[in-house]
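Asks: This is the structure I have questions about; it appears just below.
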Amino acid sequence: MDVAAKEAAIARFLDEHPQAADAGRDHPVLQGCEDVRWSDFPECPAGIPVLLRALLDRTAASEAERVLSNCLHNGITAMNVAVPTVLPFLLGLAGDPQVPVRSELLGLLVAVAQFSESVDAGDEVSVLWFGRDSDHPEREQCRAVFAEHASVVAALAGEVADPDHRAALRQAAGLL
């Protein structure tokens, strides 16, 4: 999905859920999300803060999570280079029991952890599918964010039922 399609998806979301634009504006973990120049990241829409805030709107949260997830992927095998910047906000929201889509955010964090795993340069198939680590610095940047928030990641991993998913989160944070 290109950036124009992502922007269009956010516009459709706001047409369907106009009240969501103001949700979560004062949530402490979202402080600073408005200050990021999201559109400076390739293939990243400027509307990321609206989607982050909308995760706190009970009626729109599920759709906001779906649109946000699509905006953070650049295809089935690549995450957007903005993911390391959005990751602290996602970790903070996932740690808040009042967030309506908390379990979905845990799933998104697991996906980010899995996408941030280093690719074995000797594995031609993996390199073909996922590219070389040198071409995707966002992987290492995500691991650094997970490590910086290791105590939060450890607590969140403890809430994940699937042992492989727990391990992926812990691995990304350098806890294994």
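Asks: Look through 115, 130, 146 and report the one residue that is at pLDDT 95 or above and under 21 Å from residue 82 (Cβ atoms).
Replies: Sole residue among the options that is at pLDDT 95 or above and under 21 Å from residue 82 (Cβ atoms): 146.
Asks: Inside the stretch 98-148, counting only helices (runs of 4 or more DSSP H) that do not spill past its ends, which hold 3 or more residues that are in contact with a Gly (Cβ under 8 Å, 6 or more places away or on another chain)?
Replies: Helices (runs of 4 or more DSSP H) meeting the threshold: 137-148.
Asks: Restricting attention to the stretch 16-55, report how many residues are closer than 14 Å to residue 85 by Cα and not in a loop (DSSP other than H, G, I, E, B).
Replies: Residues that pass the stated criteria total 11.
Asks: Do we have residue 112 as in contact with a strand residue (DSSP E or B) (Cβ under 9 Å, 6 or more places away or on another chain), of a type outside the set (Gly, Ala, Ser), surrounded by 21 or more Cβ atoms within 10 Å (Cβ to Cβ) and under 20 Å from residue 139 (Cα atoms) here?
Replies: Values: in contact with a strand residue (DSSP E or B) (Cβ under 9 Å, 6 or more places away or on another chain): yes; of a type outside the set (Gly, Ala, Ser): yes; surrounded by 21 or more Cβ atoms within 10 Å (Cβ to Cβ): yes; under 20 Å from residue 139 (Cα atoms): yes.
Yes, satisfied.
Asks: Mind checking which pairs have a first residue in the stretch 50-62 that is closer than 11 Å to residue 29 by Cβ and a second that is polar (S, T, N, Q) and assigned to a loop (DSSP other than H, G, I, E, B), Cβ under 9 Å, 6 or more apart or different chains?
Replies: Partner pairs satisfying both residue conditions: 56/98.
Asks: Still on this structure: I'd like the full set of residues that are surrounded by fewer than 19 Cβ atoms within 10 Å (Cβ to Cβ), out of contact with any Asp or Glu (no Cβ under 7 Å at 6 or more places or on another chain) and without any contact (Cβ under 8 Å) to a residue 60 or more places away in the chain, limited to the stretch 76-99.
Replies: Matches in the stretch 76-99: 76, 77, 78, 97, 98.
Asks: State yes or no: is residue 135 at negative phi, open to solvent by 70 Å² or more (accessible area, probe 1.4 Å), modelled with pLDDT of 95 or more and not small (Gly, Ala, Ser)?
Replies: In short, no.
Asks: So, in the stretch 23-55, exactly how many residues are of a type in the set (D, E, K, R) and more than 18 Å from residue 90 (Cα to Cα)?
Replies: 2
The values are calculated or read from the model by the stated rules, or taken from the named source; none is laboratory data. The shown structure was predicted, so the numbers you read here are calculated from the model rather than taken from an experiment. Cβ atoms come from the backbone with ideal geometry, glycine included; neighbour counts cover every protein chain shown. Quick note on the areas: whole protein, heavy atoms, side chains included, nothing else; ligands and nucleic acids left out. Shrake-Rupley method; radii C 1.70, N 1.55, O 1.52, S 1.80 Å.
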